1. What is the residue count in the range A:273-301 for residues that are outside any strand (DSSP E or B), at pLDDT 95 or above and not hydrophobic (A, V, I, L, M, F, W, C)?
2. Counting just the residues of the range A:230-269 that are in contact (Cβ under 8 Å) with a residue 12 or more places away in the chain and on the phi > 0 side of the Ramachandran plot, which one comes out farthest from the chain's Cα centre (by Cα)?
3. Regarding the range A:20-28, can at least one residue be identified that is near RNA strand B (Cβ under 9 Å from one of its atoms), within 25 Å of A:THR329 (Cα to Cα) and in contact (Cβ under 8 Å) with a residue 60 or more places away in the chain?
4. Identify all residues within the range A:352-376 that are within 10 Å of RNA strand B (Cβ to nearest atom), among the β-branched types (Val, Ile, Thr) and either at pLDDT below 95 or assigned to a strand (DSSP E or B) (or both); write none if there are none.
5. Is at least one residue of the range A:290-302 near RNA strand B (Cβ under 9 Å from one of its atoms) and closer than 28 Å to A:GLN391 by Cβ?
6. Looking only at the range A:390-428, which residues are of a type in the set (Gly, Ala, Ser), modelled with pLDDT under 95 and within 28 Å of the chain's Cα centre (by Cα)?
7. Looking at the range A:121-130, can you tell me whether even one residue there is surrounded by 14 or more Cβ atoms within 10 Å (Cβ to Cβ), in contact with a helix residue (DSSP H, G or I) (Cβ under 6 Å, 6 or more places away or on another chain) and either of a type outside the set (Phe, Trp, Tyr) or at pLDDT below 95 (or both)?
Amino acid sequence: MAEKVIPRSADYSGWYNDVVQKAQLADYAPVRGCMVIMPYGYALWENVQAGLDRRFKATGHKNAYFPLFIPMSFLKREAEHVEGFSPQLAIVTIGGGERLDEPLVIRPTSETIIGHMYAQWIRSYRDLPILINVWSNVVRWEQRTRLFLRTLEFLWQEGHTAHVTEQEAEEETMRMLGVYADFAENDAAIPVIKGRKSESEKFAGAKHSYSIEAMMGDRRALQAGTSHNLGQNFARAFNIQYLDRDNTLKHCWTTSWGMSTRIIGAIVMVHGDDQGLQLPPRLAPIQAVIVPIWKSDEERTTVLEAVDRLRSILTPIARLEVDDREGITPGFKFNEWEMKGVPLRVEVGPRDVASQQVVLARRDIAGKPGKTTASWAELPHRVPEWLNDIQANMLAKARRFLAENTYHVESDYDELRRIIEGPGGFVWAWWCGNGACEARVKEETKATTRNIPFDQPGGTGKCVVCGAVAKQQVVFAKAY
RNA sequence: CGGGGCGUAGCGCAGCUUGGUUAGCGCGCAGCGUUCGGGACGCUGAGGUCGGUGGUUCAAAUCCACUCGCCCCGACCA
């Protein structure tokens, strides 16, 4: 635990794994690609869940659960009708028992089950909209895995809604994308670009897919959340119909949207530094840690008495940890809590006790500049103030980084290439919308279109690849 | 599935080219003492089928064959 984190600039992916493991968020099980989330990492996920759940409740969504395993025959019967939607299959035989007569399939997402249930539940326009969210685990057969970002099994929420009109479904799709963007920026302190996915990047079977795209510390993009307008594709495949006011049967308009434990990887990559993890206060399982300092037994007694007082002052206003472990130096503790990303550290030594004060050290500003003293009396208002300030500063820093590594090349293809192959980052460029142009960029530079941002410059330009008239700009970047 | 790399103590590695007593080092771990306001130090100690199997040899961590596992780069990635 006393080891230092690999520097971020030296080996980014090595650094990433190192931070995740040393901060005790997660580790690999001794099986290829299988991630074990540790208690500290799970506590972080619980805070993510709470932040999202609060927003879902505010938009009228209810939680439910759908099964993980589906008999093969069901999947064949129900799923093959959706054009382009071919879920990855995992065939299961039960260990220790007999071979199954019929293979079970693990759902990679719940669309199939949900489509089936909605078809049974929905009869009338009065049943709509139906707004359900599912907290669940899913399984994908990934060739190459990475802690949090791409794992064989992961935790997420998936929302599934059904509506009377196309417009209502589109509004819902946008509302939930907005919820994700709001969560990312205000809770996770990660600035994102909201936009629409290109045809080749969208969810199979969707009419439109939208995403929020974030920039990681190595300037690559990460899709941090998606929202899909499924049109009537799934409703037709699963026969989700309702009787409208005019006494005719109509297909519903459905949506789905999700955010996963991948967001934890994003938090690590956006905010982490050479010192380790850095957590935004709103999501940090531990917002403040008290580190008592003493030499003699006498000092120990007086300092720990003060710590008890501080504990009762701070417990109501922050998620608090007191590190009164013995036989470990204060310097070691400082570094350890920094590695775990705790936003605020409260140091209390004999000198502080004598003057009824503490030293506050903030994680987002290294060294002396990040330290100040505060009297015990002012802690109840100073600590929340600092936590808010740290939250705001982390978002501001991430915004600055995003801006500094964003380029607008308009229509010079060679420049696009130079940026992607050189410093890397997000490149805004005009795009005619032709899949061939997109494919060429991917082929030649490894960069993909991330999304077509809602926030367009307006007007028209020339496609960065073919020079044809383009009505929109798209963001190109290498992605995880 | 193609290309490359690696398996030696809980973790990270050296030793292998050129075979030779008892297989080393750092971290961590245990005990004792000194320390403690930015990753302490000293002493003592525990911990190993050298991934596995077979072969060559008087002798194998070291050479050969096979095999298992892992990592990286590609392919793939709602």
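The values are calculated or read from the model by the stated rules, or taken from the named source; none is laboratory data. As the structure is a computational prediction, the values presented were derived from the model and not from experiment. Using ideal geometry, Cβ is built from the backbone for each residue, glycine included, and neighbour counts are taken over all protein chains shown.
1. Qualifying residue count for the region: 5.
2. Only one residue fits best here, namely A:ASN239.
3. yes
4. Selection gives A:VAL358, A:VAL359, A:THR373.
5. Our first condition is that a residue be near RNA strand B (Cβ under 9 Å from one of its atoms); within the range A:290-302, this holds for A:291, A:293-297, A:299-300.
Still in the running and closer than 28 Å to A:GLN391 by Cβ: A:291, A:293.
Among the residues of the range A:290-302, at least one is near RNA strand B (Cβ under 9 Å from one of its atoms) and closer than 28 Å to A:GLN391 by Cβ, which makes the answer yes.
6. A:GLY422, A:GLY424, A:GLY425
7. No; the residues of the range A:121-130 include none that is surrounded by 14 or more Cβ atoms within 10 Å (Cβ to Cβ), in contact with a helix residue (DSSP H, G or I) (Cβ under 6 Å, 6 or more places away or on another chain) and either of a type outside the set (Phe, Trp, Tyr) or at pLDDT below 95 (or both).
Let's see how each residue does on (1) of a type in the set (Val, Ile, Thr); (2) surrounded by fewer than 24 Cβ atoms within 10 Å (Cβ to Cβ); (3) in contact with a Gly (Cβ under 9 Å, 6 or more places away or on another chain); (4) more than 26 Å from A:ASP389 (Cα to Cα):
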position	(1), (2), (3), (4)
A:THR165	yes, yes, no, yes
A:GLU171	no, yes, no, yes
A:MET174	no, yes, no, yes
A:SER198	no, yes, yes, yes
A:ARG219	no, yes, yes, no
A:HIS228	no, no, yes, yes
A:ILE263	yes, no, yes, no
